Amino acid sequence: MELDHAALLDAYRRMRMIRAFETKLTELVTAGKMGGFMHLYAGEEAVAVGVCQQLRDTDFVASTHRGHGHCIAKGVDVAAMMAELFGRATGCCKGKGGSMHIADIDKGMLGANGIVGAGIPLTTGAALSAKLRRTGGVAVAFFGDGATNQGAFHESLNMAANWKLPAVYVVENNGWGEFTPTEFVIPVKDIATRAASYAMASAIADGMDFFDVYAKAGEAIARARAGEGPTLLECKTYRFMGHFVGDPLKYRAKEEAERWIQTRDPLDRFERRTIEAGLVASSELRAIDKAVDDELAAAVEAAEAAPLPDPSEVTRDVYVGGAA
Amino acid sequence: MTRARTLTFGQAVNEALRIAMETDPDVILLGEDVAGGGARTGADVDEMGGVLGTTRGLVKAFPDRVLDTPISEMGLIGTAVGAAATGLRPVAELMFIDFLGTCLDPLLNQAAKLRYMFGGKARVPLTVRTVTGAGMQAAAQHSQSLYWITAGIPGLKTVIPATPHDAKGLLLAAIRDDDPVIFCEPKSLLFAAGEVPEGDYEVPIGKARLAREGSDVSLIGMGATVRMCEQAAEQLARDGISAEVLDLRSLAPLDEEAILATLEKTGRVVVVDEATPRCGIASDVAALCVDRGFDFLNAPVRRVTAPHAPVPFSKTLEDAYMPSAAKIVAAVRDPR
């Protein structure tokens, strides 16, 4: 898919929104305005946006506990997300999902997921659905390096390869599984090589480079749409913040994070490259920054003013037909 | 109603699957050996149709919609959940409910909760067919009655028919239900025969069946224990004790009104469950009788269940393990 001027600005807007959203959440949680377990996506924006910008509303993605970025990239309404994280009735899940289950299936977003690896078989099922119903759709799973040690990953990849499903399995290798370095728990250097066990196509992308992710995801999505089967796409990336909001980060050398942030920040790299190449103007990006900040401020204000769920909602939506 | 024929429980299940697939192109079957290897190779061999032959013939009728999976319960059940949430109406086969341990997450944390977590936006019209119970000397890992686990998970429905008639009608209802349903096929009933109407009909989920009317005591069973209750009622009748038999059919939702109605009528309940006694359906029914039916009770509620032990192999031990008509009669005669 060609990245024209409008598409480049849209990519920047999505990445900038993810970064600003996560930064805002850190403030809100630290100020005690928001509860629950929260895992932030800052640093990995190029992966979600580089993939999702090439998807349609009728394509499905399944996400992880670190799911805000995938939601924003897939087009879930930011105000509804903010309201959800404030636990309001106007949230995209009516205040019943929260950070680890944030979702909007109408946007093809099958949810963040509190269980590591659980979104992978859901994606396989969505891909089976697309294939059998001939929707022309693809299904994309985002998951971390840690999830590739789960049985769900291996069982899913085996089935998807066997059935040539229109799926893309995107592993966001951010170097850390919770508090443990990836190389301590995974014997292979490149997770992408695990695809060989399933005779599946694979690729490795620089997950800090929007353009590299975009190109390699584009090939994988095209392969899926053409009926040529699934791909395991490893994006090497980095988690700028802790495992969760409030993580004291005592287990990770400060210099390691600083090096990634100083030299490989996906937003900085996107900006440098596009401006140097004369593809966008600095003023255009600054205008997006302001628009994003304004939209977020309005989302927070609206969420704080929004009604709380009625207690009668506790037993609603358990079954399609109503309460048990 | 159309003509009824005699079919086995397994044949009734097969007929329901065929009707469901004929009437809705989004219904697919997936599971281990639901077709069976030879069927797709072009060789002149019959398909297996599942380890107990229940799905035989369906792959020939619907070659693109009967999918053999690898022996990957987590993968196949998880895939079925994802397919159900995105437009298909899958019927997944979990060969034996004992294998629930390998695929609990897709049911417990995904299928059961997607709709709720998404604020009512998702539907998961999934049916999981699974074989339950003892009686074939299949021993500890192929004989359990673990429906108490799924019945206890909000967001799932769990049904267990006791007759071929209800097997067909309940399975059609389960497949067409927009919520995930665990459909239990008691292995000791799979080859039992009974009258089954031709054509398309549903048995509503959530409704118990009064299998026998009586006035002195209510015997409440489910699945394979319904027949035991009926046999016990015959024996008791010879001694002048009139036993009513209620077949729960649906474990979640539970037909509380039918349970309370039979309790009100007889004043005594013996609940009979093939499962182990702790945290189970029998305890649930007993608790309901005490919570909401205390004023109707003329005697303590008795539970006749398997013991708190794994299912043994030896026929002698398996018989000792299982509830039976004799144990039910003894419980009725000894109200404590």
Worksheet, complete the sentence: Note on B:Gln110: of the conditions (1) open to solvent by less than 10 Å² (accessible area, probe 1.4 Å); (2) more than 8 Å from chain A (Cβ to nearest Cβ), unmet is (2)
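Table: residues versus (1) facing chain B (nearest Cβ under 10 Å); (2) part of a strand (DSSP E or B).
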| residue | (1), (2) |
| --- | --- |
| A:Val61 | no, yes |
| A:Thr64 | no, no |
| A:His70 | no, no |
| A:Met81 | no, no |
| A:Glu84 | yes, no |
| A:Gly87 | no, no |
| A:Met100 | yes, no |
Worksheet item: If you go through region A:270-300 one residue at a time, how many are under 24 Å from the mean Cα position of the chain (by Cα), touching a residue at least 40 places away in the same chain (Cβ under 8 Å) and open to solvent by 60 Å² or more (accessible area, probe 1.4 Å)?
Response: 3
Worksheet item: Looking only at region A:153-203, which residues are of a type in the set (S, T, N, Q), more than 10 Å from chain B (Cβ to nearest Cβ) and crowded, with 16+ Cβ neighbours inside 10 Å?
Response: A:Asn173, A:Asn174, A:Thr182, A:Ser202
Fill in: Among (1) without any contact (Cβ under 8 Å) to a residue 12 or more places away in the chain; (2) surrounded by fewer than 13 Cβ atoms within 10 Å (Cβ to Cβ), the one test that A:Glu256 misses
(2)
Worksheet item: Could you list, in sequence order, the residues of region A:301-312 that are in a helix (DSSP H, G or I) and exposed (fewer than 13 other Cβ atoms within 10 Å of the Cβ)?
Response: A:Glu301, A:Ala305, A:Pro311, A:Ser312
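Yes/no matrix, rows are residues, columns are (1) touching a Pro at 6+ places or on another chain (Cβ under 8 Å); (2) in a helix (DSSP H, G or I); (3) surrounded by 19 or more Cβ atoms within 10 Å (Cβ to Cβ):
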| site | (1), (2), (3) |
| --- | --- |
| A:Tyr12 | no, yes, yes |
| A:Ala20 | no, yes, yes |
| A:Leu25 | no, yes, yes |
| A:Gly35 | no, no, no |
| A:Tyr41 | no, no, yes |
| A:Ala73 | no, yes, yes |
| A:Asn113 | no, no, yes |
| A:Ile120 | no, yes, yes |
Worksheet item: Which pairs do you get when a residue that is free of Cβ contacts under 8 Å to residues at least 12 places away in the same chain, found in region A:35-49, comes within reach of a residue that is basic (Lys, Arg) and surrounded by 24 or more Cβ atoms within 10 Å (Cβ to Cβ), reach meaning Cβ atoms under 9 angstrom, with the pair 6+ apart or on two chains?
Response: none
Worksheet entry | Residue list for region B:20-62, filter: under 18 Å from B:Phe9 (Cβ atoms) and either modelled with pLDDT under 90 or part of a loop (DSSP other than H, G, I, E, B) (or both) | B:Val34, B:Gly49, B:Gly50, B:Val51, B:Leu52, B:Gly53, B:Thr54, B:Thr55, B:Arg56, B:Gly57
Item to complete: Please determine, by comparing only the residues of region A:102-114 that are touching a Leu at 6+ places or on another chain (Cβ under 9 Å) and facing another protein chain (nearest Cβ under 7 Å), which one is farthest from A:Gln150 (Cα to Cα).
Response: A:Ile105
Worksheet item: What is the number of the single condition among (1) out of contact with any helix residue (DSSP H, G or I) (no Cβ under 7 Å at 6 or more places or on another chain); (2) within 30 Å of B:Glu198 (Cβ to Cβ) that B:Ala80 does not meet?
Response: (1)
Worksheet item: Looking only at residues in region A:129-152 that are facing chain B (nearest Cβ under 8 Å) and either touching a Phe, Trp or Tyr at 6+ places or on another chain (Cβ under 7 Å) or open to solvent by 10 Å² or more (accessible area, probe 1.4 Å) (or both), which one is nearest to B:Met74 (Cα to Cα)?
Response: A:Gly151
Discussion item. B:Thr158 - would you say it is assigned to a strand (DSSP E or B), more than 14 Å from chain A (Cβ to nearest Cβ), more than 13 Å from B:Ala224 (Cα to Cα) and not basic (Lys, Arg)?
Written reply: no
Worksheet item: Looking at (1) in a helix (DSSP H, G or I); (2) open to solvent by 10 Å² or more (accessible area, probe 1.4 Å); (3) without any contact (Cβ under 8 Å) to a residue 40 or more places away in the chain, which is the only condition B:His165 fails?
Response: (3)
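The values are calculated or read from the model by the stated rules, or taken from the named source; none is laboratory data. Here the structure is a predicted model, which is why all the values come from computation and not from measurement. Neighbour counts run over all protein chains shown; Cβ positions are idealised from the backbone, glycine included. Accessible surface areas use protein heavy atoms only, side chains included; no ligands, DNA or RNA. Shrake-Rupley method; radii C 1.70, N 1.55, O 1.52, S 1.80 Å.
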